[in-house]
Structures are given as structure tokens and as C-alpha cells.
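Working notes, structure below.
The values are calculated or read from the model by the stated rules, or taken from the named source; none is laboratory data. From a predicted model like this one, the values you see are computed outputs, not experimental measurements. Neighbour counts are summed over all protein chains in view; Cβ atoms, including those assigned to glycine, are modelled from backbone coordinates with ideal geometry. Protein only, heavy atoms only, side chains kept; ligands, DNA and RNA dropped before computing areas. Shrake-Rupley method; radii C 1.70, N 1.55, O 1.52, S 1.80 Å.
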Amino acid sequence: MALLGTKEYYKGIGDIHFEGKGSDNPLAFKYYDPEQLVAGKTMREHFKFAVAYWHSFCGQGSDPFGAGTQSFPWDVPSDPLEAAKAKADAAFEFITKMGFDYFCFHDFDLIQEGASLKESEDRLKTIVSYIKEKQQASGVKLLWGTANCFSNPRYMNGAATNPNFNVLSRAGAQIKLALDATMELKGENYVFWGGREGYMSLLNTDMKRELDHMGQFLAIARDYARKQGFKGTFFIEPKPMEPMKHQYDFDAATVIGFLHQYDLQDDFKLNLEFNHATLANHTMQHEMAVAASHNMLGSLDANRGDYQNGWDTDQFPNNLYEVTEAMLVFLKAGGLQGGGINFDAKIRRNSTDIDDLFHAHIGGADTFARALMAAEKILTISPYSQLQKDRYASFDAGKGKDFESGKLSLEDLYQLALHSDEITLQSGKQEMLENIINQYL
Ligand code: XLS
Ligand code: NI
Ligand code: NI
């Protein structure tokens, strides 16, 4: 495929195609066939797979104990603009070769932050216009943009919840520029991940005041973007801890309560991440079901954490059982509200070959494809839906139905119970349901 940049970074690797599960070509999709129809839509439309700029083209594998191991050839130029252009060339080459339609970014993934706000603004403008050309040449779209309001030391006490107004104001400026960049690149959504919105110690924290500030901040960010004509959805990405001990956007239920409290529920939905669910001691399917029940299942960050020690390891998804249960919720909800599946995941520190990033994304896409196909069968040809429905049959008619429609008082329940037979136990059939999932994997 024709590329704008002249240099090829992923040498020797061609476009990745669907070859089916009989293929032994490691650089081919075995299950993800973009054009295959599942439940009335192509897989491409269901998933809207996106590549995360930060993990794939910025993070080089450093950890608290050692430096990066992946020396990216596009990081060679010392001039920030040249380096950013080289990185964009590599990114678009990769996304195009994968055959994915989308990417996601933080402002300063695209280009190194400047020494002043003005310098950052100029840098962003230049790289955004370069990326815009690359989008036009390749057809690659922006799923969402966001701002990194957590890495710079000025944000050590948060951004919108910082106790110092000057920091809040600086965060506002940064988010205005990130919104401008997102709109210029026709971003379909905009994400707020809490970053350092939370606290380390209650001793120095006025929690109520910080939450009020966050509500007010999000409202004016929304107002600004809407005034500029942004039609997309704003997403909040819940995470319970890390980097702060207490993050305000703990989980889906907490965020939904917050959105309603600050009257943001009409413009904001949720971007849910697998290993954030794990960190919150939930399953991803739980988080998705909570969001779906409020019509707020917006977008997904796909990855997996470490199930043994709980660490937020951002590994690529490969747990078929987990993703299949997530896809059950996904299909039942009618898919995502405006978002897609962003691989917020990184290859391991000892994955140092140029093809490792391809294997990682192929595996992730194949996991979702298999899971989606299994979930569709479970919903349509297995007894799963009927079993679940039958559990609630006592509410479908008679007094149960009266209760649901608000016709019974607590005294009515008392009278009914007084004159009823002893209760017979009704099995939850959990093992049988688990076997059904297994059967269709
Ligand atoms: C961090 C988050 C982050 C967001 C975007 O844990 O997952 O990567 O997705 O700021
Ligand atoms: Ni995360
Ligand atoms: Ni994320």
C-alpha cells in the first residue's frame, strides 16, 4: 500500500490478511476476517480496532527496574518535529499493514511537549497537519484523542482536581489544544482517563471540593468542544488506583453516579478497560454490564492484567473465555455507543523483534473475533438466553408482574408471603451455563 513517508520501518513484513484457522502463517489472521458478517454487521464494523500510539510507538519497554529494550528506529532524529514525523510514518505504516482503520493518541504521544505552552501548541499544530495528510492518504481514522495530564511533574497532585488553580488552568489549556487536535483529525470521540485525579492522603485533601472542580471542568470542556461543532461522544475511562492510591473514577458504577451528579450523563459515556476492571476486583463483563444497563457502553480498551498478582500489566488480550463473556454483554447491548476496541496494550520488555508488535495485534484481533463468533452462537442457538430468562419467569405474570409495575406495597408483599406455600429452591444452573460457554468456544 502506498505510504506518505519514504522510509520503510517494518521491513520484510507485508500486509496482514485473513487466512483462516488452517493457516500456519504466523503473520496472518486466523479468525479475524474484517468482512465476515456476525450478527448482522461485519467484524470490521463491530470492532473498529484501534492501535494505541503510546504503547506501540512511544513506550520502549522501560520498567521501574530498567531502561527500554526496544530501540525504535524512528526515534533517531534529535529534532522533535523530525522525530514526530518519523514516528507518524512508522505508526501509519504499521496500522496500514495491520489493515486496521483506527488509532488513538495522547497529545504528547504525537510530539514531545515543548518548554512552554505556546511551543507545545505550535508543535502540535505542525504534527497534526502532517498526520492529517497521512490520514487522507491511508484512510486511517481517529477513534479518540486524549490529553496526557499526568506525566508532567506539574500534575503530581492531579489536573482538574489539583488544589492549585494555576495547575487546573494549565490543564484546561492543554485539554483545549488536545480537543482542537482531535477535532482537526476528525476524531470520533474524546477520552478523559483520570490520570492523577484522585489522592494519596485524605489528610491534605478536600475530596468534595476536588470532585466539584472535576465536574465543573468536564462541563466546560464539553461546552467548548460542542461550541466548535464536535458531535462525538466524551468518554470517561474508569480505573480504581494507580497512579493515585484512590482514583476518583474508581469503576463503572462510580463514574455513572458522578456523571449524573454533575449533569454530564447526556454527553459522556464510558471507555472500559479490561485490566482496570481486574484492578477494581471486578470482571470486565461486570463493568460492561453496568455501563450497558445505563446505555453508556461507549468504547473498550482491550488488554489483560495479571490475574495472579493483580498488576496492571497491559498485556495483549488472549483469554478467550473472558473475552467471550465480554462479547455476550457486547452483543446483548447492541455493540458500542460510538467507540471501538482500542488495543491499550504493550508487548513485553523482552519482545524486541520488529514483528512482535504484529503478532501481538494479530493475537488480540483473533481473540476478539473468536469470542464474538462464539458469543453469537451462544446467544442464538444455545439455551443460554432461555435459561437466563426462565430464572425471572415469576416476574413475567401475576403478582411478580404487578410488583415490577409498581402496583404492590410492602404490606402487599407481607400478605402474599403470609398466604404462600414454603419456597422451593430454584437452581442458578451456573455449571451448566459455564459448560455452554465452553461448548461454543
Ligand atoms: C492508563 C489508561 C490510559 C488511557 C488513556 O491506565 O489506560 O492509557 O487509556 O489515557
Ligand atoms: Ni490502563
Ligand atoms: Ni486505557
With the requirement that a residue be in contact (Cβ under 8 Å) with a residue 12 or more places away in the chain and either touching a Pro at 6+ places or on another chain (Cβ under 7 Å) or of a type in the set (A, V, I, L, M) (or both), what does the range 19-43 give you?
L27, A28, V38, A39, M43
Can you find even one residue in the range 3-21 that is part of a helix (DSSP H, G or I) and touching a helix residue (DSSP H, G or I) at 6+ places or on another chain (Cβ under 9 Å)?
no
Of all residues in the range 301-337, count the ones that are open to solvent by less than 60 Å² (accessible area, probe 1.4 Å) and within 16 Å of ligand 1 (Cβ to nearest atom).
14
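Please pick out the residue among R222, R226 that is over 19 Å from K125 (Cα atoms), touching a strand residue (DSSP E or B) at 6+ places or on another chain (Cβ under 7 Å) and basic (K, R).
Among R222, R226, only R222 is over 19 Å from K125 (Cα atoms), touching a strand residue (DSSP E or B) at 6+ places or on another chain (Cβ under 7 Å) and basic (K, R).
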Output for the range 245-277, where each listed residue is more than 14 Å from the chain's Cα centre (by Cα), buried (at least 21 other Cβ atoms within 10 Å of the Cβ) and farther than 21 Å from A159 by Cβ:
I256
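Mind listing whichever residues of the range 338-368 are open to solvent by less than 60 Å² (accessible area, probe 1.4 Å) and among the acidic types (D, E)?
Scanning the range 338-368 gives D344, D355, D356, D366.
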Restricting the search to the range 280-300, which residues are open to solvent by 30 Å² or more (accessible area, probe 1.4 Å) and either within 16 Å of ligand 2 (Cβ to nearest atom) or closer than 24 Å to R348 by Cα (or both)?
N281, H282, T283
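Could you list, in sequence order, all residues of the range 133-159 that are open to solvent by less than 60 Å² (accessible area, probe 1.4 Å) and either free of Cβ contacts under 8 Å to residues at least 24 places away in the same chain or more than 23 Å from the chain's Cα centre (by Cα) (or both)?
Within the range 133-159, K134, S138 meet the criteria.
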Any residue that is over 16 Å from the mean Cα position of the chain (by Cα) and either within 16 Å of ligand 3 (Cβ to nearest atom) or not in a loop (DSSP other than H, G, I, E, B) (or both) - is there at least one of those in the range 338-345?
no
Checking M183, M241 in turn, the sole residue that is within 15 Å of ligand 3 (Cβ to nearest atom), within 22 Å of the chain's Cα centre (by Cα) and either without any contact (Cβ under 8 Å) to a residue 24 or more places away in the chain or open to solvent by 30 Å² or more (accessible area, probe 1.4 Å) (or both) turns out to be M241
Please indicate, with yes or no, whether at least one residue in the range 267-276 is touching a strand residue (DSSP E or B) at 6+ places or on another chain (Cβ under 8 Å), within 16 Å of ligand 2 (Cβ to nearest atom), touching a residue at least 60 places away in the same chain (Cβ under 8 Å) and not small (G, A, S).
yes
How many of the residues making up the range 99-111 are more than 16 Å from ligand 2 (Cβ to nearest atom) and out of contact with any Leu (no Cβ under 9 Å at 6 or more places or on another chain)?
2
Confirm whether S169 is open to solvent by 10 Å² or more (accessible area, probe 1.4 Å), in contact with a Ser or Thr (Cβ under 6 Å, 6 or more places away or on another chain), at pLDDT 95 or above and not aromatic (F, W, Y).
no
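Going through the range 307-335 one residue at a time, which ones are in contact (Cβ under 8 Å) with a residue 24 or more places away in the chain, farther than 16 Å from A371 by Cα and not hydroxyl-bearing (S, T, Y)?
G310, D312, D314, Q315
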